[in-house]
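For reference, the structure is listed below as structure tokens.
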Amino acid sequence: MRKIFAAFALALLLAGASHAREVETVLLVSIDALHPDALNAKTVPTLHALMLPGRFTLAGQSVDPPKTLIAHTAMLTGLTPEQSGKKDNDWLPGQPRVAQTTLFDDARRQGFHTAFYYAKPKLGYLAGAAVDEQALVPDDGIDRARAFFRQGGKRFVFLHVSGLEYAGMNSGWLSPDYLDELTYIDMTLVPLFKDIGKRGAWRLIVTSDHAGHAREHGTRHPEDFKLPLILAGKPELPPLSSGVFRITGLRSLVRQMLAGE
Ligand SMILES: [Zn+2]
């Protein structure tokens, strides 16, 4: 009899352990045009608090050319522009969308509801069939993401935040105006991050599509290719593997999180 109880207790323990491991919340945030050198405790107190040893890099690399839609396509498909064929930086509503599978397909396969909130019309290119909810929301993407996460079940959101690109083009990358805009973005993310922290096991990925230099971006200047990657979660994540993080590596990284690995 004691043996049966012991087996029963063990089964309960294992069920509990596997339940605790299941990730129900995955939030991927791309802050458009974010230069890694802008990330410090003064400029971005919220993001900086997430930057734990081994769970972030400031030396990520975008694709060539490092432009918004080309880079986000690489981020979501895991493919270089040569592999995906998406070598131009344009898309208009009504034109064909991405032909390859994306992170949204990976999320669906793992039983997640998916949402995509983006701040520039051209990113609509990436809103394929595996996206349950999508919206072009230049200003209220964060509110939409919060509303989506308030519903139950496994949920994956890709949130694209713009603003920095315009500050960079008008005033220069890493200029006071650029840093002010980034501080504002950091502050607006606080309620969303608090919400996902209440959703049991969660994963948060913050990255960008490219940086820039002076008032330019999208060129072959080394600064333009730079991007950060910050990973956070509960239970705590394994450390990033060593080596240069490339934007094409994001899909497999997030796919592992969606699979609970
Ligand atoms: Zn961009």
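Could you tell me which of rounded, prolate or oblate describes region 23-258, using a ≥ b ≥ c as the square roots of the eigenvalues of the alpha-carbon gyration tensor, with rounded for a/c under 1.5 and, failing that, prolate when a/b is larger than b/c and oblate otherwise? Display every interim value, and only then the final one.
Numbers: a/c = 1.35, a/b = 1.10, b/c = 1.23.
Note, shape of region 23-258 comes out rounded.
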Using the structure shown, list the pairs from Lys120/Lys194; Lys154/Lys234; Lys67/Lys226; Lys154/Lys198; Lys87/Lys226; Lys86/Lys122 with a Cα-Cα distance above 23 Å, or answer none.
Lys120/Lys194
Bridge type composition, the chain - antiparallel percent by DSSP, nearest 5:
30
Solvent-accessible area, 1.4 Å probe, carbon plus sulfur percent, for the chain
56
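Would you work out the relative contact order for the chain, in percent, from Cα pairs under 8 angstrom that are 6 or more residues apart?
Values: 513 pairs, mean separation 93.2, N = 261.
Relative contact order here is 36 percent.
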Over region 210-261, relative contact order from alpha-carbon pairs under 8 Å, at least 6 apart, %:
21
For region 97-147, what class follows from the C-alpha gyration tensor (a ≥ b ≥ c being the square roots of its eigenvalues): rounded when a/c is under 1.5, otherwise prolate if a/b is larger than b/c, else oblate?
oblate
Accessible area per residue in Å² at 1.4 Å probe, computed on the chain
47
Let a ≥ b ≥ c be the square roots of the eigenvalues of the Cα gyration tensor of region 72-173; is it rounded (a/c under 1.5), or, if not, prolate (a/b larger than b/c) or oblate?
oblate
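The values are calculated or read from the model by the stated rules, or taken from the named source; none is laboratory data. Since this is a predicted model, take the numbers as computed values, not measurements. For accessibility, only protein heavy atoms count, side chains too; no ligands or nucleic acids. Shrake-Rupley method; radii C 1.70, N 1.55, O 1.52, S 1.80 Å.
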